[in-house]
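The values are calculated or read from the model by the stated rules, or taken from the named source; none is laboratory data. Since we're looking at a predicted model, the values are computed, not measured. Don't worry about glycine lacking a Cβ; one is built from the backbone with ideal geometry, like all the others, and counts go over all protein chains shown.
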Amino acid sequence: MVNSKSSNDMWREKWKDKEISAEDAIKKIIPGNRVFIDSGCSEPQLLTSELIKHSEKLIDTEILHFLTIGPEKYFKDKAEDLFRHNALFIGKTLREEINKGQADYTPIYASEIPSLFTTGRKHIDVALIQVTPPDPYGFCSLGINVDIAKPIAQSSFITIAEINPQMPRTSGNGFMHMKEIDFYVYNNTPLLEFHFDEPDDIAEKIGKNLADLVENKSTIHIGFGDLPNACLKYLFDKKDLGMHSHIITDNIIPLIERGILTCRKKSFHPEKIITSLALGTKRLYNFVHNNSYIEFFPSDYVCNPRYIGMNKKLVSINSARQIDLTGQVNAATEGYQFYSGLGETIDFMRGAAFSKGGKPIIIIPSTSRNGKISRIVPHLDEGAGIMLSRGDVHYVVTEWGVAYLHGKTIRERVLELVCVAHPDFRQSLLEEAKRLNYIYSDQLLPCDEEGRICLYPSEYETIYTAFNNEKIRIRPVKTTDESLLKELYYSLNERDRYLRFFGMKKEFTHSKTQGEVNIDYDKIFSIGAFVGEIGNEEMVGNATYYLNPSSNTAEYSFLVREDYRGKGVGTFLYQHLIIVAKEKGIKGFYGNIHIQNKNTVRIIQQGGYTKITPPGAGEKELFYEVYFEKEDSID
């Protein structure tokens with residue numbers, strides 16, 4: 001990455017009139033100027049240190065930042081009016097000062113920042129940027145951060161570059177000619193590095209739940225933060241993924257090396273990763289150097305919802321700090337305290353909504369780090385900022401599952417979110433939702449006899465491949481499946497209802513059906529057969545057992561929607577529920593079948609050692625018993 005000595009001497013000789021010392025560079029700034037400092041790991045370290053060193057001479061200078069992560073302490077032993085900092089996105093370096101009123105924060109979308117300066121609505125007197133040495137034609141690369149740096153540097157009255165041979169030279173629209181740079185300082189030094197936290201158990205569960213939403217050939221965006229970055233580690237079973245993301249991190253490298261992140265199926269900039277800035281370690285910087293597969297563009301291009309939406313199956317993965325039961329998201333504040341900023345979250349959430357097959361996703365741990373506070377709440381904290389409205393959020397993923405909100409009623413949203421909240425808080429959230437009249441006053445949750453919340457048994461999820469090769473998801477039913485079960489019941493014709501319920505049942509109201517989905521997964525266990533993606537599912541089959549503790553056998557019933565009969569769905573549901581029952585120590589099933597229901601009789605006989613008692617005179621129901629083991633069977 002470092003140029004040879006001869007080439008270094010050549011360009012420095014050619015542009016020697018622009019080279020100055022760091023001290024002389026900072027002298028170009030006068031009190032009252034507005035100064036931009038390059039963002040993220042591209043922060044020009046020599047110029048920044050010199051700026052702070054001479055701060056007493058720069059009274060009332062405004063310093064503009066976006067995602068400042070460097071080690072410099074701007075306020076250490078300094079009066080607050082020496083510099084007036086203005087953050088367009090809040091990093092940890094300035095978070096405390098902003099919340100103390102010692103620095104300013106400007107909420108603005110990443111896509112709109114460049115035009116703020118290129119149109120002249122906000123002027124920049126001096127831009128301090130970091131670039132590569134110029135090539136033989138005089139072009140320098142902004143390297144790992146094009147973002148807002150290029151448009152601001154091209155709009156500023158004076159542009160001062162810190163030329164660093166250790167800055168990677170990257171592809172895309174991130175070049176500036178030496179003629180556009182007024183002065184430069186030379187500094188051969190390692191770039192700043194950013195280290196994300198390694199995923200813990202909760203992050204791992206969230207990542208696995210998220211992975212279920214990511215289809216092959218999807219294009220991925222990750223928001224800023226440990227959690228979105230960690231989710232990339234759980235996509236190794238995918239094929240032909242693409243990437244269009246404001247930020248890229250080290251975690252893209254294994255996906256590329258394993259042939260997963262290929263960008264071959266992208267519809268916008270195919271075969272290219274599109275990004276604005278790289279945030280990571282030297283490994284990432286070496287990877288992007290002269291790598292034409294990864295292209296860097298300013299944020300008004302990368303984060304423009306119109307362009308984002310041109311990618312098919314754009315999956316936008318964003319973290320949040322809090323979400324209320326109606327779907328309003330706080331992603332940037334803690335009460336009245338500012339934590340981060342708008343960044344690109346709204347741009348990408350809306351771009352994903354425009355995308356054909358796109359998925360705007362919020363990922364959030366169900367509780368705070370100490371587990372004592374729920375992040376899913378009846379209402380946002382006082383002072384909390386609403387970053388995403390109820391209409392913006394489609395998917396919410398926690399370690400407990402996936403909630404789908406888009407197009408759902410308030411009642412449906414509440415149940416979706418309660419069911420992915422931490423079990424310790426579900427009952428209190430349910431009661432508060434009842435108090436607010438969001439849901440039915442008699443709404444139940446799956447509880448045992450002692451009133452403890454029953455956890456969803458995800459270990460019994462599986463996939464059935466039907467005779468026509470259609471993939472059908474088989475899983476235990478949840479509280480939120482009530483409407484799907486009702487739709488399945490209402491799809492039955494008169495004959496089917498008669499055979500299933502032994503009578504002409506005409507209505508399936510909430511009070512009559514909620515007990516069939518709010519179960520303890522022990523004495524009552526019910527599974528469904530589902531087609532369609534999460535959020536657009538249909539239940540096409542259902543099987544349930546009801547345990548009789550006195551005999552340790554269970555009454556069994558099932559049904560399959562008419563258009564899915566003859567595909568083996570009923571048999572698979574029966575066999576899968578037998579697996580569940582055997583693991584729970586149940587000896588067998590029993591039940592009644594209408595004598596006209598011959599297909600069901602054939603299915604039942606495949607379950608084990610079967611005894612069928614014919615109906616008596618004038619009766620229309622036969623009685624069956626099935627025992628899973630021979631020693632339990634009836635002679």
Name every residue in region 597-634 that is β-branched (Val, Ile, Thr), surrounded by fewer than 18 Cβ atoms within 10 Å (Cβ to Cβ), modelled with pLDDT of 80 or more and outside any helix (DSSP H, G or I), in order of residue number. Thr610, Ile612, Thr613
Residues satisfying the stated conditions in region 468-511, i.e. closer than 22 Å to Lys408 by Cβ and of a type in the set (D, E, K, R): Arg473, Arg475, Lys478, Asp481, Glu482, Lys486, Glu487
Among residues of region 442-476 being small (Gly, Ala, Ser) and surrounded by fewer than 14 Cβ atoms within 10 Å (Cβ to Cβ), the residue farthest from Val402 (Cα to Cα) is Gly451
Within region 262-282, count every residue that is touching a helix residue (DSSP H, G or I) at 6+ places or on another chain (Cβ under 7 Å) and surrounded by fewer than 23 Cβ atoms within 10 Å (Cβ to Cβ). 1
Does region 401-437 hold any residues that are within 14 Å of Ile362 (Cβ to Cβ) and not small (Gly, Ala, Ser), and which are they? Val402, Tyr404, Leu405, His406, Arg413, Glu416, Leu417, Val420
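Tally the residues that are in a helix (DSSP H, G or I) and surrounded by fewer than 21 Cβ atoms within 10 Å (Cβ to Cβ), restricting the search to region 99-144.
At the first step, the residues of region 99-144 found to be in a helix (DSSP H, G or I) are 99, 110-118.
Subsequent filtering for residues that are surrounded by fewer than 21 Cβ atoms within 10 Å (Cβ to Cβ) retains 99, 112, 115-116, 118.
Residues meeting the conditions: 5.
Assess whether Asp250 counts as being closer than 30 Å to Lys92 by Cβ and under 19 Å from the mean Cα position of the chain (by Cα). Spell out the reasoning first.
Working: closer than 30 Å to Lys92 by Cβ: yes; under 19 Å from the mean Cα position of the chain (by Cα): yes.
Criteria met by Asp250.
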Matching entry among Glu537, Glu516, Glu555, Glu533 (being touching a Ser or Thr at 6+ places or on another chain (Cβ under 7 Å) and not hydroxyl-bearing (Ser, Thr, Tyr)): Glu516
Look at Ile220 and say whether it is under 20 Å from Lys312 (Cβ atoms) and touching a Phe, Trp or Tyr at 6+ places or on another chain (Cβ under 8 Å). no
Which condition breaks for Phe287 when tested against (1) within 18 Å of Thr132 (Cβ to Cβ); (2) buried (at least 23 other Cβ atoms within 10 Å of the Cβ); (3) not charged (D, E, K, R)? (2)
Being touching a strand residue (DSSP E or B) at 6+ places or on another chain (Cβ under 7 Å) and part of a helix (DSSP H, G or I) is the filter here; which residues of region 189-216 pass it? Ile206, Asn209, Leu210
Output for region 138-163, where each listed residue is in contact (Cβ under 8 Å) with a residue 40 or more places away in the chain, over 17 Å from Phe297 (Cβ atoms) and not small (Gly, Ala, Ser): Ile158, Ile160, Glu162
Qualifying positions in region 528-568 - assigned to a strand (DSSP E or B), within 34 Å of the chain's Cα centre (by Cα) and either over 16 Å from Leu488 (Cβ atoms) or charged (D, E, K, R) (or both): Glu538
Six or more apart or on different chains, Cβ atoms under 7 Å: show the pairs whose first residue is in region 573-588 and assigned to a helix (DSSP H, G or I) and whose second is of a type in the set (Gly, Ala, Ser) and buried (at least 19 other Cβ atoms within 10 Å of the Cβ). Leu573/Ala529; Leu573/Gly541; Leu573/Ala543; Tyr574/Ala543; Tyr574/Gly607; Leu577/Ala543; Ile578/Gly607; Ala581/Ala554
Inside region 498-527, the number of residues satisfying the requirement of being part of a helix (DSSP H, G or I), closer than 29 Å to Cys447 by Cα and of a type outside the set (Phe, Trp, Tyr) is 9
